[in-house]
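What follows is a single structure, written as structure tokens, with notes after it.
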Amino acid sequence: NQETPHCPRCGHAAFHAESIPVAGKMWHKICFRCGLCKKSLEITTLAEHDGDVYCKQCYTRKFGIRGVGFGMGAGALGMDTGERFGNSQSLSNKPNYPPIPGITPPN
């Protein structure tokens, strides 16, 4: 006698005909929503973490890569020179292009 699985979102019995099997669990179709923004999910638009499901955008915000240039928007474009890591040379955020032949750069 196999016990009826329960939906991880609402905790009620999830019968096969009315449920979606994802991440080893049976989800009611109405409960198959992002764990953060509550947007309805599809199999192709989800990411799973610790047994819960998220839309890819919320998953990236909550669990994505962190650090300079990853997941922090314009805030990632800092002026940190890395001195605390032993960088002794002056690092600039300005591009260092080679001089254009025939043009004298301004001082």
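Before moving on, here are some points about what is shown:
- Any hit, the stretch 42-52, residues being in contact with a Cys (Cβ under 9 Å, 6 or more places away or on another chain), modelled with pLDDT of 90 or more and of a type in the set (S, T, Y): no
- Condition check for I65: modelled with pLDDT of 90 or more and either assigned to a loop (DSSP other than H, G, I, E, B) or open to solvent by 40 Å² or more (accessible area, probe 1.4 Å) (or both): no
- Every pair of residues 6+ apart whose Cβ atoms lie under 6 Å, when the first sits in the stretch 45-59 and is more than 11 Å from P8 (Cβ to Cβ) while the second is open to solvent by 60 Å² or more (accessible area, probe 1.4 Å) and of a type in the set (K, R): A47/K56; C55/K39
- Consider the stretch 10-27 and keep the residues that are open to solvent by less than 80 Å² (accessible area, probe 1.4 Å) and closer than 25 Å to R61 by Cβ. The one that is modelled with the lowest pLDDT is A23.
- Taking residues in the stretch 8-30 that are in a loop (DSSP other than H, G, I, E, B), and partners anywhere that are surrounded by fewer than 12 Cβ atoms within 10 Å (Cβ to Cβ) and of a type in the set (S, T, N, Q), the pairs with Cβ atoms closer than 7 Å and at least 6 places apart or on different chains are F15/T4.
- Per the conditions (1) aliphatic (A, V, I, L, M); (2) under 26 Å from A17 (Cβ atoms); (3) modelled with pLDDT of 90 or more, the sole criterion not satisfied by L36 is (2).
The values are calculated or read from the model by the stated rules, or taken from the named source; none is laboratory data. These numbers come from a predicted model, not from an experiment. Using ideal geometry, Cβ is built from the backbone for each residue, glycine included, and neighbour counts are taken over all protein chains shown. SASA here: full protein model, heavy atoms, side chains in, ligands and nucleic acids out. Shrake-Rupley method; radii C 1.70, N 1.55, O 1.52, S 1.80 Å.
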